[in-house]
1. Summing -39500 (n - 2.57) over the DSSP H runs of n ≥ 4 in the chain and dividing by its residue number, what mean residue ellipticity at 222 nm do you reach, to the nearest 500 deg cm²/dmol?
2. Scaled to the compact-protein estimate 2.2 N^0.38 Å, what is the alpha-carbon radius of gyration of the chain, rounded to two decimal places?
3. Taking the Cα centre of the chain as origin and charging only Cβ (+1 Lys, Arg; -1 Asp, Glu), how large is the dipole, in debye to the nearest 20?
4. Based on other C-beta atoms within 10 Å, arrange Glu66, Glu61, Glu110, Glu99 from fewest to most.
5. Just flag the trypsin sites (Lys or Arg not before Pro) in region 18-106 sitting in loop per DSSP whose Cβ has no more than 16 other Cβ atoms within 10 Å.
6. Restricting to region 1-159, what percent of DSSP beta bridges are antiparallel, rounded to 5?
7. Summing +1 for each Lys or Arg and -1 for each Asp or Glu, what net charge is found among the other residues whose Cβ lies under 15 Å from the Cβ of Ala85?
8. Just how far, in whole angstrom, is region 142-204 from region 12-43 if you go by their alpha carbon centroids?
Amino acid sequence: MVRKIQAQGVSHAGVLAALQAVERHRFVDTALVNQAYEDTSLPIGLGQTISKPGVVARMIELLCAEHTGKLGRVLEIGTGCGYQAAVLAHVAREVYSIERLRGLHEKARENLRAFRISNLHLLFGDGMLGYAKGAPYAAIIAAAGGNDIPQAWIDQLAVGGRLVAPAVTSAGKQNLVVVDKTATGVVRTELEAVFFVPLKSGIA
Ligand code: SAH
């Protein structure tokens, strides 16, 4: 899986090492274990999916871009089964990951128990509001796409920080969007088309 992702153009050593370290088969149901190392999204229950590992790698590489060392505090919106959160915990000093579906929040907790990752904090709540208590974040990453990037995320991003999220662009399609917060303002860049589950408000 990691070799395939490398062939797709991901080259950041820290990101590749993190993907190598986190066993993806531990995050999917027994019936799907034989597909765990394919570059594909898979169902994790409640209509949600574990993200495609190639896209997880691409997005985390975008976050790590100019950092040679570890990222500082990172906020992930959409814990799902906890896979991306575990990968993030390898490249960041502190990770806050928030999920709006209680069933998945609990599933992630269960999946991650054996890993004993001390720098990962799982939160249950509406990630559209971000998580102000952990702000400011060096990086914010969303695993679900809305019509726009919530203002709360931009507010909670540190100056010099970067946000990567899927969002609907002016062309009406879902694309990866990068937001860099600089001392003089916010710079938004739209990248390739992606397919993420919808970002929804409230908890359930
Ligand atoms: N990072 C996960 C991807 C899970 S899919 C992984 O590694 O597998 C995206 C998740 O985002 C879903 O579980 C969905 O319930 C969640 N989500 C959608 N809107 C949300 C919101 N407003 N706050 C928190 N989580 C949200």
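1. On the way: 6 runs with 54 residues, N = 204.
The helix contribution divided over the chain gives -7500 deg cm²/dmol.
2. On the way: Rg = 15.5 Å, N = 204, 2.2 N^0.38 = 16.6 Å.
Here the Cα radius of gyration is 0.93 times the empirical estimate.
3. Numbers: 21 positive and 17 negative charges, 67 e Å.
That gives a dipole near 320 debye.
4. Numbers: Glu66 6, Glu61 19, Glu110 11, Glu99 30.
With the sparsest Cβ surroundings first, the list reads Glu66, Glu110, Glu61, Glu99.
5. Details: sites: Arg24, Arg26, Arg58, Lys70, Arg73, Arg93, Arg100, Arg102; in loops: Lys70, Arg100.
In loop regions of region 18-106 (DSSP not H, G, I, E or B), the sparsely surrounded trypsin sites (Lys or Arg not before Pro) are Lys70.
6. 15 percent
7. Working: positive: Arg24, Arg26, Arg73, Arg93, Arg100, Lys107, Arg109, Arg113, Arg116; negative: Glu23, Glu76, Glu94, Glu99, Glu106, Glu110.
Net local charge, Ala85 excluded: +3.
8. Each part reduced to its Cα centre gives a spacing of 24 Å.
Values in this text are rule-based calculations from the coordinates and carry no lab data. Remember, it's a predicted structure, so these values are computed and weren't measured experimentally. All Cβ positions, even for glycine, are placed from backbone atoms using ideal geometry, and neighbour counts span all protein chains on display.
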